[in-house]
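None of the figures in this text is laboratory data; all of them are computed from the coordinates on show. Predicted model, so just to flag it, every value in this text is computed and none were measured. Cβ placement follows ideal geometry from the backbone for every residue including glycine, while neighbour counts extend to all protein chains displayed.
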Amino acid sequence: MYKTGVAVAMLVAANLALAHGPSRLKVTESITLEAEPDKVWAKVGNFNGLPGWHPAIAESNASDGNNVGSRRTLTLKGGGKVIEELEELDNQKMVLKYRMKEGVLPVTNYTSTLSVKAIDGGKSLVEWRGAFYRGYPNNDPPPDQNDEAAEKAITGVYKTGLENLKKVVAQ
Amino acid sequence: MTDLGQLRGTPDIRGQSNATLAMLRTLDTFSPPPGNSPGRQDSRPRACRRRLTGCLLMLAALCLGTVACAAPFAYITNQGSNDVSVIDLAQERVVATIPVGKGPAGVAVHAASQRAYVSNPDSKDISVIATSRNEAIATIAAGDGPLGIAVATNGREVYLADWFNNALLVIDTTALKTVSRIRVGTAPAGVAVNPVSHDIYVANRDDNTVSVIDSNMRKVVRVIEVGDRPFSISVGRDGRRLYVVNVRSNDVSILDAGTHRLIGKVGVGNTPYCAALSMDDRQLLVTNQHADTLSVIDTDSFKVLHTVAAGGYPEGIAVHGARAYVVNWMDDNVSVIDMASYRTLATIATGKNSRGFGSFIGSP
């Protein structure tokens, strides 16, 4: 019985990874921080460091640190897990890209980029942008799996994260 | 085939003056290819002389063999703002914004019939645009997930992938309705037409195959295995080869259009999406969506010659003359890239979530 459950879950996860809805969506959030880019990047550029600044993440376990291909398993404070893979990390450009492999977010084919840019006066601009399809891959999605639900979820992740990052960096 | 007759037949002054500008610009960077058929030019001069004089005539003759003079406009689908940005390539700016259906993604321009066809997956239809007026003149219901779209060489039919129904729809462009439905593979995405054999190709994304359809018989005549998650297909102007972009395996499958055999495979950047050939078919430019770059492939050696910067999530791409136009979905703009230096010369703001999935400039 347990085995069947796991098999079904894996099948569902595999299908979600392949299929997607008709229109890709995007969300961009950014925040200006009163801190030097290097100091901000020390937080943001650590693939395994989300629990240090994102208020919704309880735990992160990365398989291979900051190396491309490393997979982190995030445990959310509200319950549930998200598994993401590092696709690119550039310490010079201060850009980190990752892709969700599976998880509780109502999105599919979700990729995300975090970047830090220097702005005048020793400040930093942190930008978090995501590209994804809604959770339900076919036409006529249920309300919790439609475009709005997907955009709302990702916007929430980015906003709460960046707002808290501001507090953490100011400490 | 675009020719001067078309330029002559363009009713609005805009088309003519811009075509002239495009010719002048083209001359800066282009020399006529050695294979330029003299026979094709013989019938033109008398018609030309009435309209164009002296050196313009020479420019026009040069232009015949190289670029689509009468079609220097790009039609960029904006999935987030439900419209199409029309870019005048000579001026490098948006000259019109055309409201279409919901979530426009695919586009195919047919220069000779002065039409552009746009697929709207969210309203499950296609919009027909009259390019002379830059207006949507008809909406045609089209399956459940209209996506990749291409026009027959003669302009009489439109071929449309129906993503959710695993079918290719054949739409009559005079009757403005679906006249045939051909079963293809799972999740058909990109569609292309061979300009010589008139075969139709469909990338079946979730089957890792390409269906080859005989356009006369309207039947699948071959199914070819390609890479992982093929999404778009480009065909050489000489009709000899097709290039299939595989989103998941990060490579391009190169197929012989005659034998339908795989003749090569080239690795590119992360999550490639679309490709376009240079005017002489010698270089293939591939957009790498998650790397924000273009891979430039030599089509003789099958090697990547350059990897160059593009905007955010580059998707659609088309080449016109000596420039490539790259649609950057994340940035809501189009990059104009010089094909000699591969530098970005300009960026042109479009509508929201621009995609330009297809031949958005149209074949010369």
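Its convex hull of Cα atoms gives region B:73-359 a direction-averaged projected area, equal to a quarter of the hull surface, of 12.2 nm².
If we count other beta carbons within 10 Å of each Cβ, what is the order of B:Tyr243, B:Tyr342, fewest first? Walk me through the numbers on the way to the answer.
Details: B:Tyr243 23, B:Tyr342 16.
Lowest count first: B:Tyr342, B:Tyr243.
With respect to chain A, whose longest principal axis is taken over its alpha-carbon atoms, helix A:147-170 is tilted by about 30°. Between B:Asp228 and B:Ile263, the contour length at 0.36 nm per residue exceeds the alpha carbon distance by 11.0 nm. Once the C-beta distance of A:Lys81 and B:Thr347 is scaled by a Förster radius of 51 Å, the resulting FRET efficiency is 0.80 to the nearest 0.05.
Counted by Cβ distance under 12 Å from B:Lys124, the other residues give a net charge of -4, where Lys and Arg count +1 and Asp and Glu count -1. Taken about its Cα centre, region A:2-170 carries a charge dipole of roughly 200 debye when the Cβ of each Lys and Arg holds +1 and the Cβ of each Asp and Glu holds -1. In whole angstrom, region B:84-164 maps to an equivalent ellipsoid with semi-axes of 21, 15, 10, each derived as √(5λ) from the alpha carbon gyration tensor and ordered largest first. Residues whose amide H comes within less than 5 Å of that of A:Val95, counting only those at least five positions distant or on another chain, are A:Asp90 (H built at 1.01 Å from N in the peptide plane). Dipole of chain A computed with +1 at Lys/Arg Cβ and -1 at Asp/Glu Cβ about the Cα centre; of A:Asn146, A:Leu105, A:Gly79, farthest Cα towards the positive end is A:Gly79. Cβ crowding within 10 Å ranks B:Val268, B:Val107, B:Val308 as B:Val308, B:Val268, B:Val107, fewest other Cβ atoms first. Net charge around B:Phe231, counting only other residues with Cβ within less than 11 Å of its Cβ (Lys, Arg = +1; Asp, Glu = -1)? That sum, taken over residues with Cβ under 11 Å, equals 0. At q = 0.14, 0.15, 0.19, 0.20 Å⁻¹, work out log10 I(q)/I(0) for region A:2-170 with the Debye formula, treating every Cα as an identical point scatterer and leaving solvent out; two decimals please. With one equal scatterer per Cα and no solvent, log10 I(q)/I(0) is -0.74, -0.84, -1.28, -1.38.
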